[in-house]
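Novice: Have a look at this one before I ask anything.
FYI, it's all coordinate maths here, none of it is from the lab. Predicted model only: the values in this text are computed from it and were never measured. As a convention, Cβ positions derive from the backbone with ideal geometry for all residues, glycine included, and neighbour counts pool all protein chains shown.
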Amino acid sequence: MASKSSTSYDFTDAVVVITGAAAGIGHKTAELFAKAGATLALMDRSGSVTEVASSFGARHGGWVADVSNAQSVTTAANEILARFGHVDVLVNNAGIGPLAPAENFPVETWDKTISVNLTGPFLVARAFASNMIARKSGRIINLASQAAVIGIEGHLAYCASKAGIIGMTNCMALEWGPQGVTVNAISPTVVETELGLSGWAGETGVRARAAIPTRRFAKPAEIASAILYLASTDAAMINGSNVMIDGGYTIT
Ligand SMILES: NC(=O)c1ccc[n+]([C@@H]2O[C@H](COP(=O)([O-])OP(=O)(O)OC[C@H]3O[C@@H](n4cnc5c(N)ncnc54)[C@H](O)[C@@H]3O)[C@@H](O)[C@H]2O)c1
């Protein structure tokens with residue numbers, strides 16, 4: 001089978017905002033976009049985001065920001081737009097996944113999960129949408145999950161937040177598609193990152209892998225490559241989709 005390097009995309013002159021870019025899928029996505037020539041504006045609650053950004057080269061920037069905090073998002077977005085002038089691509093990737101049984105799921109954990117995983121992507125998309133709409137060009141990719149379309153034990157708030165991402169993606173795609181801005185979701189199965197492996201270690205992980213038709217978890221690069229594709233001109237007709245990258249798990 002022929003393989004195509006994800007770096008064959010050319011994102012020269014493109015400004016790409018990635019939330020949750022200090023680790024995991026966001027970090028790998030930043031790496032691939034940087035290799036493809038993009039200029040990165042990385043946002044993360046972790047202070048390490050500034051070093052992560054400079055590790056890819058001097059033209060990139062890192063912003064310590066909490067996506068669930070409207071003021072924090074507005075401040076970072078204004079600074080990003082002031083520095084780079086415009087934004088071409090937004091990857092709404094920051095997320096958390098605290099687990100608890102449904103019958104005594106703590107309200108604070110519910111609120112925190114919804115505010116980071118659902119309100120956060122809404123705030124960040126809203127902060128950059130007017131700039132994209134004014135330029136009649138933009139790509140927004142929202143990280144959902146297989147948890148958006150199936151139930152997973154212990155994942156009450158996570159499933160609800162990710163299902164919400166699909167609904168939000170549909171509405172944004174409908175309203176902003178005519179303005180040249182496409183909005184899509186990506187729904188991975190378990191990905192081999194700190195977040196993914198923390199919930200699926202040991203015997204649970206062995207059973208979960210066995211239940212996936214491809215018999216393994218996804219790698220961060222497999223998610224990042226799909227994000228680059230959705231951000232590319234090749235994907236201009238894909239709008240309002242939820243791209244499953246789950247090895248076939250949700251068809252079983
Ligand atoms: N790993 C998986 O198995 C998996 C599967 C499906 C979907 N996803 C989704 O992919 C996305 C990335 O997951 P990952 O596995 O790379 O996670 P990760 O934990 O490895 O990295 C998440 C990053 O987001 C940052 N972050 C967390 N809360 C934040 C906040 N409030 N504001 C700003 N930054 C914040 C963290 O500091 C971290 O750098 C998440 O939305 C997750 O739900 C992951």
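Novice: Please report, in cubic angstrom per residue, the volume enclosed by the convex hull of the alpha-carbon atoms of the chain.
Specialist: It comes to 126 Å³ per residue, whole-number rounded.
Novice: Taking 30 Å as R0, compute the FRET efficiency from the Cβ-Cβ separation of A70 and V206 and round it to 0.05.
Specialist: That gives a FRET efficiency of 0.10.
Novice: To the nearest 0.05, how large is the calculated FRET efficiency for A134 and T233 if R₀ is 25 Å and r is the Cβ-Cβ distance?
Specialist: The value I calculate is 0.80.
Novice: Which of S198, P101, A185 sits farthest toward the positive end of the charge dipole of the chain, with +1 on the Cβ of Lys and Arg and -1 on the Cβ of Asp and Glu?
Specialist: So the residue we want is A185.
Novice: Before anything else, pin down the relative contact order of the chain: Cα pairs under 8 Å, at least 6 apart, normalised by residue count, whole percent.
Specialist: The normalised contact order for the chain reaches 18 percent.
Novice: A further question follows. Under 15 Å from the Cβ of T169, count the other residues' Cβ atoms, weight Lys and Arg +1, Asp and Glu -1, and hand me the total.
Specialist: Value of the local net charge: +2.
Novice: Sort 113-121, 67-75 by the packing proxy (mean of other Cβ within 10 Å over each peptide's residues), most packed first.
Specialist: 113-121, 67-75
Novice: Subtract the Cα-Cα distance of D111 and S55 from 0.36 nm times their separation in residues, and report this length gain in nm to one decimal.
Specialist: 16.8 nm
Novice: Report the net charge of residues surrounding V183, where surrounding means a beta-carbon distance below 14 angstrom and charges are Lys +1, Arg +1, Asp -1, Glu -1.
Specialist: Its environment carries a net charge of 0.
Novice: Work out the length of the dipole vector of the chain about its Cα centre, built from +1 on the beta-carbon of each Lys and Arg and -1 on the beta-carbon of each Asp and Glu, and round it to the nearest 20 debye.
Specialist: Once rounded to the nearest 20, the dipole reads 420 debye.
Novice: Tally Lys and Arg at +1 and Asp and Glu at -1 over the other residues with C-beta under 15 Å from the C-beta of V243: what net charge comes out?
Specialist: -1
Novice: Let me ask another. Mean projection of the alpha-carbon convex hull of the range 80-223 over all orientations, in nm²?
Specialist: One quarter of the hull surface, i.e. the mean projection, equals 9.8 nm².
Novice: Multiply the residue gap between V149 and E79 by 0.36 nm, knock off their C-alpha separation, and tell me the result in nm, one decimal place.
Specialist: 21.6 nm is the gain from fully extending V149 to E79.
Novice: Percent antiparallel among DSSP beta bridges with both residues in the chain, to the nearest 5?
Specialist: 0
Novice: Next question, about the same structure. Using amide H atoms built in the peptide plane, which far-off residues or other-chain residues are under 5 Å from V243 H to H?
Specialist: Amide H neighbours of V243: A185, I186, S187.
Novice: Can you give me the Cα centroid spacing of the range 56-92 and the range 185-237 in angstrom?
Specialist: Measuring centre to centre over Cα atoms gives 25 Å.
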